[in-house]
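Data first, discussion second: the structure below is written as structure tokens.
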Amino acid sequence: MDRPSLPAEERDRFARSLLQHLDALYSFAWWLTHRREEIDDLVQETLLHALRSAHQFQSGTNLKAWLFSILKHEWFRRTGLARREIATDSFPDNQEVSNEEWAIETDVIRAVLRKDLDEALYTLPEEYRSAVLLFDLYEFSLKETAQILAVPDGTVKSRLARGRQILRGRLLAYSRGSGNDEL
């Protein structure tokens, strides 16, 4: 069965709009894989899928979020990871930190501990790392993050809280000179 396609002029315009998000796609792919040889393939497959599915994209919606969703699903497919829920109720939220407080902490952390931050982020379980990266680093809204991860908003909130809590603990360990310690 033939796929519906866009007229050539629209397809070209759509392809050019994809290129605006290329750096962000490469960055997100790096955070997911940390393997240079996989990054190019993952981004290329994402762009091919987007071009093939251009007729499904709803004009006026967030193209970047749509691309991140495709990339994330392609990564799940390649790694065999199932989209699953984490039992977050086993993690009490003892420390509530507002988004404003977290933004200030994030700016300081990025400026002072870039290498340690990279290492600490990479050691987060994937579910938490993706939520923190999409929301805090790529600045997607809660709803967009939930759509990219294909989970409810509440799950994103839980993953953000737990991911930030783990990240804060690991960065504290790095600042004390014990960056390789497990928490």
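A few comments on the model shown:
- Breaking point among (1) modelled with pLDDT of 65 or more; (2) β-branched (Val, Ile, Thr); (3) in a loop (DSSP other than H, G, I, E, B), for Val97: (1)
- From Arg129, Arg159, residue being buried (at least 17 other Cβ atoms within 10 Å of the Cβ), over 11 Å from the mean Cα position of the chain (by Cα), within 26 Å of Leu67 (Cα to Cα) and modelled with pLDDT of 85 or more: Arg159
- Single match in Glu74, Glu45, Glu38 (criterion: at pLDDT 90 or above, of a type outside the set (Gly, Ala, Ser), surrounded by 12 or more Cβ atoms within 10 Å (Cβ to Cβ) and not assigned by TED's automatic domain parsing to the domain that holds Leu137): Glu45
- Top-ranked residue in the stretch 20-51 [being part of a helix (DSSP H, G or I) and among the polar types (S, T, N, Q); ranked as nearest to His73 (Cα to Cα)]: Thr46
- Any hit, the stretch 1-21, residues being outside the structural domain of Ile148 (by TED's automatic domain parsing), of a type in the set (D, E, K, R) and within 24 Å of Asp118 (Cα to Cα): no
The values are calculated or read from the model by the stated rules, or taken from the named source; none is laboratory data. The structure displayed is predicted, hence computed values, not measured ones. All Cβ positions, even for glycine, are placed from backbone atoms using ideal geometry, and neighbour counts span all protein chains on display.
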